[in-house]
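K.L.:
Sharing a structure with you now.
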Amino acid sequence: MNARVLVLGGTTESSALVRILATQWPSLAVTLSFAGRTSTRAQAPAPVRVGGFGGAEGLRRYLLGEAIVAVVDATHPFAARMPFNVEAACTAVGVPRLRLVRPPWRLQPQDRWLEVADMAAAAETVSRNGVTRVLLTIGRQEVAAFSRCPAAAFVVRSIDPPDLGGFVGADPAVVLARGPFSLADELDLLRSQQIDLVVSKNAGGEATRAKIDACRVLGLPVVMVARPAGPASTTVETANEAVRWLVRALGKTEG
Ligand code: NAP
(Lines give C-alpha, C1' and ligand atoms only; values in the text may rest on other atoms or scores of the structure.)
Protein backbone atom coordinates (compact mmCIF):
# COMPACT_ATOMS: atom_id res chain seq x y z
CA MET A 1 0.00 0.00 0.00
CA ASN A 2 1.22 3.52 -0.77
CA ALA A 3 2.34 5.51 2.26
CA ARG A 4 -0.45 7.80 3.47
CA VAL A 5 0.33 11.35 4.55
CA LEU A 6 -1.99 13.96 6.03
CA VAL A 7 -1.35 17.64 5.24
CA LEU A 8 -3.30 20.09 7.38
CA GLY A 9 -3.94 23.03 5.13
CA GLY A 10 -5.49 26.42 4.74
CA THR A 11 -2.29 28.17 3.65
CA THR A 12 -0.26 28.93 0.52
CA GLU A 13 2.45 26.62 1.87
CA SER A 14 0.11 23.63 2.24
CA SER A 15 -1.07 24.03 -1.36
CA ALA A 16 2.52 24.36 -2.58
CA LEU A 17 3.54 21.21 -0.68
CA VAL A 18 0.70 19.15 -2.14
CA ARG A 19 1.52 20.40 -5.66
CA ILE A 20 5.20 19.47 -5.30
CA LEU A 21 4.38 16.03 -3.87
CA ALA A 22 1.93 15.33 -6.72
CA THR A 23 4.67 15.83 -9.30
CA GLN A 24 7.81 14.67 -7.46
CA TRP A 25 6.37 11.80 -5.42
CA PRO A 26 3.22 10.56 -7.14
CA SER A 27 3.22 7.23 -5.28
CA LEU A 28 2.61 9.03 -1.98
CA ALA A 29 -1.07 9.05 -0.96
CA VAL A 30 -1.57 12.61 0.27
CA THR A 31 -4.78 13.92 1.80
CA LEU A 32 -5.17 17.67 2.21
CA SER A 33 -7.41 18.73 5.09
CA PHE A 34 -9.26 22.06 5.41
CA ALA A 35 -11.20 23.37 8.38
CA GLY A 36 -13.83 24.70 5.98
CA ARG A 37 -13.67 28.35 7.05
CA THR A 38 -13.81 29.89 3.56
CA SER A 39 -16.62 29.37 1.07
CA THR A 40 -14.33 28.79 -1.92
CA ARG A 41 -10.89 27.29 -2.36
CA ALA A 42 -8.54 26.52 -5.22
CA GLN A 43 -8.45 23.06 -6.82
CA ALA A 44 -5.91 20.80 -5.15
CA PRO A 45 -3.95 18.01 -6.89
CA ALA A 46 -4.80 15.62 -4.03
CA PRO A 47 -7.88 14.25 -2.30
CA VAL A 48 -9.36 16.86 0.03
CA ARG A 49 -11.32 16.41 3.24
CA VAL A 50 -13.12 19.31 4.92
CA GLY A 51 -14.11 19.97 8.55
CA GLY A 52 -12.76 19.42 12.04
CA PHE A 53 -11.74 15.98 13.28
CA GLY A 54 -13.33 16.39 16.70
CA GLY A 55 -10.34 17.56 18.76
CA ALA A 56 -7.13 15.67 19.42
CA GLU A 57 -9.04 12.44 20.10
CA GLY A 58 -10.91 12.68 16.80
CA LEU A 59 -7.64 13.32 14.98
CA ARG A 60 -6.03 10.33 16.76
CA ARG A 61 -8.86 8.10 15.54
CA TYR A 62 -8.53 9.51 12.01
CA LEU A 63 -4.79 8.81 11.92
CA LEU A 64 -5.35 5.22 13.01
CA GLY A 65 -8.37 4.65 10.77
CA GLU A 66 -6.64 6.01 7.68
CA ALA A 67 -3.27 4.41 8.50
CA ILE A 68 -1.50 7.78 8.24
CA VAL A 69 2.29 7.47 8.53
CA ALA A 70 3.26 11.16 8.72
CA VAL A 71 1.52 14.48 9.36
CA VAL A 72 2.55 17.89 8.04
CA ASP A 73 0.78 20.61 9.99
CA ALA A 74 0.79 23.47 7.50
CA THR A 75 -2.03 25.39 9.15
CA HIS A 76 -1.84 29.16 9.38
CA PRO A 77 0.65 30.74 11.85
CA PHE A 78 -2.42 32.00 13.78
CA ALA A 79 -4.15 28.62 13.97
CA ALA A 80 -3.99 28.36 17.75
CA ARG A 81 -5.48 24.92 18.46
CA MET A 82 -4.58 22.60 15.63
CA PRO A 83 -0.82 22.40 16.37
CA PHE A 84 -1.62 21.20 19.91
CA ASN A 85 -4.13 18.64 18.59
CA VAL A 86 -1.53 17.40 16.12
CA GLU A 87 1.07 17.06 18.87
CA ALA A 88 -1.28 15.10 21.12
CA ALA A 89 -2.68 12.83 18.39
CA CYS A 90 0.65 12.08 16.70
CA THR A 91 2.33 11.40 20.02
CA ALA A 92 -0.48 9.03 21.00
CA VAL A 93 -0.17 6.93 17.83
CA GLY A 94 3.59 7.35 17.27
CA VAL A 95 3.30 9.12 13.91
CA PRO A 96 6.02 11.67 13.00
CA ARG A 97 4.81 15.25 12.63
CA LEU A 98 6.23 18.40 11.11
CA ARG A 99 5.10 22.01 11.43
CA LEU A 100 5.41 23.93 8.15
CA VAL A 101 5.02 27.61 8.90
CA ARG A 102 6.28 30.63 7.00
CA PRO A 103 8.57 33.09 8.80
CA PRO A 104 7.04 36.22 10.30
CA TRP A 105 7.57 39.65 8.78
CA ARG A 106 10.51 41.51 10.28
CA LEU A 107 10.49 45.17 11.21
CA GLN A 108 12.17 47.31 8.51
CA PRO A 109 13.67 50.78 8.89
CA GLN A 110 10.83 53.37 8.56
CA ASP A 111 8.19 50.89 9.79
CA ARG A 112 5.98 52.22 12.60
CA TRP A 113 4.84 49.02 14.28
CA LEU A 114 3.03 48.88 17.59
CA GLU A 115 3.67 45.25 18.51
CA VAL A 116 1.07 43.56 20.72
CA ALA A 117 0.54 40.06 22.07
CA ASP A 118 -3.06 39.44 21.05
CA MET A 119 -6.25 40.93 19.64
CA ALA A 120 -7.44 42.34 22.99
CA ALA A 121 -4.17 44.25 23.30
CA ALA A 122 -4.55 45.40 19.69
CA ALA A 123 -7.98 46.85 20.51
CA GLU A 124 -6.59 48.65 23.58
CA THR A 125 -3.80 50.10 21.45
CA VAL A 126 -6.30 51.36 18.86
CA SER A 127 -8.36 52.98 21.64
CA ARG A 128 -5.31 54.74 23.07
CA ASN A 129 -4.06 56.09 19.74
CA GLY A 130 -6.82 58.56 18.94
CA VAL A 131 -7.07 57.36 15.34
CA THR A 132 -10.18 57.90 13.26
CA ARG A 133 -10.24 55.27 10.47
CA VAL A 134 -8.75 51.88 11.08
CA LEU A 135 -8.27 49.07 8.57
CA LEU A 136 -8.66 45.62 10.14
CA THR A 137 -6.87 42.96 8.10
CA ILE A 138 -7.20 40.20 10.68
CA GLY A 139 -9.59 37.79 8.99
CA ARG A 140 -13.30 37.58 9.62
CA GLN A 141 -13.55 36.00 13.07
CA GLU A 142 -12.11 38.46 15.58
CA VAL A 143 -13.60 41.79 14.51
CA ALA A 144 -15.77 42.01 17.62
CA ALA A 145 -12.64 42.53 19.73
CA PHE A 146 -12.65 46.12 18.40
CA SER A 147 -16.25 46.98 19.12
CA ARG A 148 -15.35 48.90 22.27
CA CYS A 149 -13.03 51.35 20.54
CA PRO A 150 -15.55 54.22 20.54
CA ALA A 151 -13.64 56.90 18.67
CA ALA A 152 -12.60 54.90 15.64
CA ALA A 153 -14.49 53.90 12.50
CA PHE A 154 -13.46 50.56 11.05
CA VAL A 155 -12.96 49.14 7.60
CA VAL A 156 -12.71 45.34 7.59
CA ARG A 157 -11.06 43.54 4.72
CA SER A 158 -11.70 39.81 4.64
CA ILE A 159 -12.25 36.99 2.14
CA ASP A 160 -15.75 36.19 3.36
CA PRO A 161 -18.14 38.55 5.19
CA PRO A 162 -16.89 39.25 8.73
CA ASP A 163 -18.59 37.85 11.78
CA LEU A 164 -20.07 40.98 13.41
CA GLY A 165 -21.81 39.12 16.22
CA GLY A 166 -21.07 41.09 19.41
CA PHE A 167 -19.93 44.18 17.51
CA VAL A 168 -21.40 47.15 19.35
CA GLY A 169 -21.96 50.49 17.58
CA ALA A 170 -21.91 51.38 13.89
CA ASP A 171 -21.18 48.42 11.63
CA PRO A 172 -17.74 48.57 10.02
CA ALA A 173 -17.39 49.15 6.29
CA VAL A 174 -16.48 45.85 4.61
CA VAL A 175 -14.15 45.22 1.70
CA LEU A 176 -14.33 41.61 0.49
CA ALA A 177 -11.13 40.60 -1.28
CA ARG A 178 -8.72 37.69 -1.50
CA GLY A 179 -4.97 38.25 -1.89
CA PRO A 180 -2.41 38.40 -3.28
CA PHE A 181 -2.47 42.20 -3.17
CA SER A 182 0.00 44.49 -4.93
CA LEU A 183 1.60 47.59 -3.42
CA ALA A 184 -0.47 49.72 -5.83
CA ASP A 185 -3.69 47.97 -4.65
CA GLU A 186 -2.82 48.62 -1.02
CA LEU A 187 -1.80 52.25 -1.48
CA ASP A 188 -5.06 52.81 -3.31
CA LEU A 189 -7.12 51.16 -0.53
CA LEU A 190 -5.39 53.06 2.27
CA ARG A 191 -5.74 56.40 0.48
CA SER A 192 -9.29 55.95 -0.80
CA GLN A 193 -10.52 54.79 2.62
CA GLN A 194 -8.52 57.54 4.40
CA ILE A 195 -7.02 54.99 6.77
CA ASP A 196 -4.79 56.30 9.56
CA LEU A 197 -3.88 52.97 11.21
CA VAL A 198 -3.82 49.31 10.13
CA VAL A 199 -4.24 46.27 12.38
CA SER A 200 -2.55 43.13 11.08
CA LYS A 201 -1.57 39.71 12.30
CA ASN A 202 2.09 38.96 11.76
CA ALA A 203 1.13 36.33 9.22
CA GLY A 204 4.32 36.58 7.15
CA GLY A 205 4.52 35.55 3.49
CA GLU A 206 4.26 37.42 0.23
CA ALA A 207 0.53 37.35 -0.56
CA THR A 208 -0.47 39.99 2.00
CA ARG A 209 2.85 41.72 2.70
CA ALA A 210 2.11 44.70 0.45
CA LYS A 211 -0.12 46.30 3.10
CA ILE A 212 2.91 46.50 5.40
CA ASP A 213 4.99 48.01 2.60
CA ALA A 214 2.20 50.49 1.82
CA CYS A 215 2.02 51.61 5.46
CA ARG A 216 5.79 52.19 5.38
CA VAL A 217 5.45 54.27 2.22
CA LEU A 218 2.64 56.37 3.73
CA GLY A 219 4.19 56.57 7.22
CA LEU A 220 1.16 54.87 8.79
CA PRO A 221 1.33 52.94 12.07
CA VAL A 222 0.60 49.21 12.08
CA VAL A 223 -0.68 47.45 15.18
CA MET A 224 1.11 44.15 14.64
CA VAL A 225 -0.33 41.17 16.51
CA ALA A 226 2.23 38.51 17.45
CA ARG A 227 1.70 34.84 16.67
CA PRO A 228 0.22 32.56 19.30
CA ALA A 229 2.60 30.15 20.99
CA GLY A 230 2.55 26.57 19.70
CA PRO A 231 3.89 23.29 21.04
CA ALA A 232 7.57 22.42 20.61
CA SER A 233 7.92 20.89 17.17
CA THR A 234 10.28 20.17 14.34
CA THR A 235 9.54 23.16 12.13
CA VAL A 236 10.38 24.19 8.58
CA GLU A 237 9.51 27.34 6.65
CA THR A 238 9.08 26.16 3.06
CA ALA A 239 7.27 23.44 1.16
CA ASN A 240 10.58 22.16 -0.29
CA GLU A 241 12.00 21.71 3.21
CA ALA A 242 8.86 19.78 4.15
CA VAL A 243 9.40 17.47 1.16
CA ARG A 244 12.96 16.80 2.35
CA TRP A 245 11.65 16.04 5.86
CA LEU A 246 9.11 13.57 4.41
CA VAL A 247 11.86 11.89 2.37
CA ARG A 248 13.85 11.36 5.58
CA ALA A 249 10.85 10.44 7.75
CA LEU A 250 9.50 7.87 5.28
CA GLY A 251 12.82 6.64 3.88
CA LYS A 252 11.78 7.34 0.28
CA THR A 253 13.35 4.96 -2.21
CA GLU A 254 11.18 5.26 -5.30
CA GLY A 255 9.74 8.10 -7.43
P1 NAP B 1 -7.38 26.53 15.03
O2 NAP B 1 -7.80 27.41 16.12
O3 NAP B 1 -6.06 25.88 15.13
O4 NAP B 1 -8.44 25.39 14.77
C5 NAP B 1 -9.74 25.37 15.34
C6 NAP B 1 -10.35 24.06 14.95
O7 NAP B 1 -10.61 24.02 13.54
C8 NAP B 1 -9.46 22.86 15.22
O9 NAP B 1 -9.53 22.45 16.55
C10 NAP B 1 -10.00 21.85 14.23
O11 NAP B 1 -11.23 21.31 14.67
C12 NAP B 1 -10.34 22.72 13.04
N13 NAP B 1 -9.26 22.81 12.07
C14 NAP B 1 -8.28 23.75 11.98
N15 NAP B 1 -7.51 23.53 10.92
C16 NAP B 1 -7.98 22.43 10.33
C17 NAP B 1 -7.61 21.70 9.16
N18 NAP B 1 -6.59 22.10 8.38
N19 NAP B 1 -8.32 20.58 8.84
C20 NAP B 1 -9.38 20.19 9.60
N21 NAP B 1 -9.79 20.86 10.70
C22 NAP B 1 -9.09 21.96 11.05
O23 NAP B 1 -7.41 27.28 13.62
P24 NAP B 1 -8.25 28.55 13.12
O25 NAP B 1 -7.52 29.79 13.47
O26 NAP B 1 -9.67 28.37 13.52
O27 NAP B 1 -8.09 28.36 11.55
C28 NAP B 1 -8.88 27.41 10.86
C29 NAP B 1 -8.25 27.15 9.51
O30 NAP B 1 -8.13 28.36 8.78
C31 NAP B 1 -6.87 26.52 9.58
O32 NAP B 1 -6.84 25.45 8.66
C33 NAP B 1 -5.93 27.62 9.18
O34 NAP B 1 -4.83 27.12 8.44
C35 NAP B 1 -6.81 28.51 8.31
N36 NAP B 1 -6.45 29.92 8.43
C37 NAP B 1 -6.45 30.53 9.64
C38 NAP B 1 -6.11 31.86 9.73
C39 NAP B 1 -6.05 32.56 11.05
O40 NAP B 1 -5.70 33.76 11.05
N41 NAP B 1 -6.34 31.91 12.15
C42 NAP B 1 -5.79 32.57 8.56
C43 NAP B 1 -5.81 31.92 7.33
C44 NAP B 1 -6.14 30.59 7.27
P45 NAP B 1 -11.27 19.90 15.44
O46 NAP B 1 -10.71 20.18 16.80
O47 NAP B 1 -12.71 19.54 15.44
O48 NAP B 1 -10.42 18.95 14.65
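K.L.:
When you go through 179, 204, 165, 251 one by one, which is the residue that is at pLDDT below 95, at positive phi and not polar (S, T, N, Q)?
P.N.:
Just one listed residue meets the conditions, 251.
K.L.:
May I ask you to verify whether residue 124 is under 13 Å from residue 223 (Cβ atoms) and either within 16 Å of the ligand (Cβ to nearest atom) or in contact with a strand residue (DSSP E or B) (Cβ under 7 Å, 6 or more places away or on another chain) (or both)?
P.N.:
no
K.L.:
Looking at the structure I just gave you, is residue 140 over 29 Å from residue 5 (Cβ atoms), among the basic types (Lys, Arg) and within 13 Å of the ligand (Cβ to nearest atom)?
P.N.:
yes
K.L.:
Do we find a residue being touching a Cys at 6+ places or on another chain (Cβ under 6 Å) and under 12 Å from residue 137 (Cα atoms) anywhere in the stretch 194-210?
P.N.:
Yes, the stretch 194-210 contains at least one residue that is touching a Cys at 6+ places or on another chain (Cβ under 6 Å) and under 12 Å from residue 137 (Cα atoms).
K.L.:
Shifting gears a bit: With respect to the numbered conditions (1) assigned to a loop (DSSP other than H, G, I, E, B); (2) free of Cβ contacts under 8 Å to residues at least 40 places away in the same chain, which one is the sole condition not fulfilled by residue 252?
P.N.:
It is condition (2) that residue 252 fails.
K.L.:
Let me ask something else. Could you tell me how many of the residues in the stretch 103-120 are basic (Lys, Arg) and loosely packed, with under 12 Cβ neighbours inside 10 Å?
P.N.:
Final tally of qualifying residues: 1.
K.L.:
Then there is this: Filtering the stretch 7-41 down to residues that are among the hydrophobic types (A, V, I, L, M, F, W, C) and more than 13 Å from the ligand (Cβ to nearest atom), which residue is nearest to residue 141 (Cα to Cα)?
P.N.:
16
K.L.:
Continuing with this model, one more query. Enumerate the pairs (first residue in the stretch 33-61 and at positive phi; second residue anywhere and assigned to a strand (DSSP E or B)) with beta-carbon separation below 6 Å, excluding pairs fewer than 6 apart on the same chain, so at least 6 apart or on different chains.
P.N.:
That search, which allows pairs on different chains as well, returns 36/50.
K.L.:
Continuing with this model, one more query. Considering only the stretch 122-140, state which residues are in contact (Cβ under 8 Å) with a residue 60 or more places away in the chain and either outside any loop (DSSP other than H, G, I, E, B) or over 21 Å from residue 79 (Cα atoms) (or both).
P.N.:
Passing the criteria: 122, 125, 126, 129, 131, 132, 133, 134, 135, 136, 137.
The values are calculated or read from the model by the stated rules, or taken from the named source; none is laboratory data. Please read these numbers as outputs of a predicted model, since none were measured by experiment. Methodologically, a virtual Cβ is constructed for each residue, glycine included, from the backbone with ideal geometry; neighbour enumeration extends over all protein chains shown.
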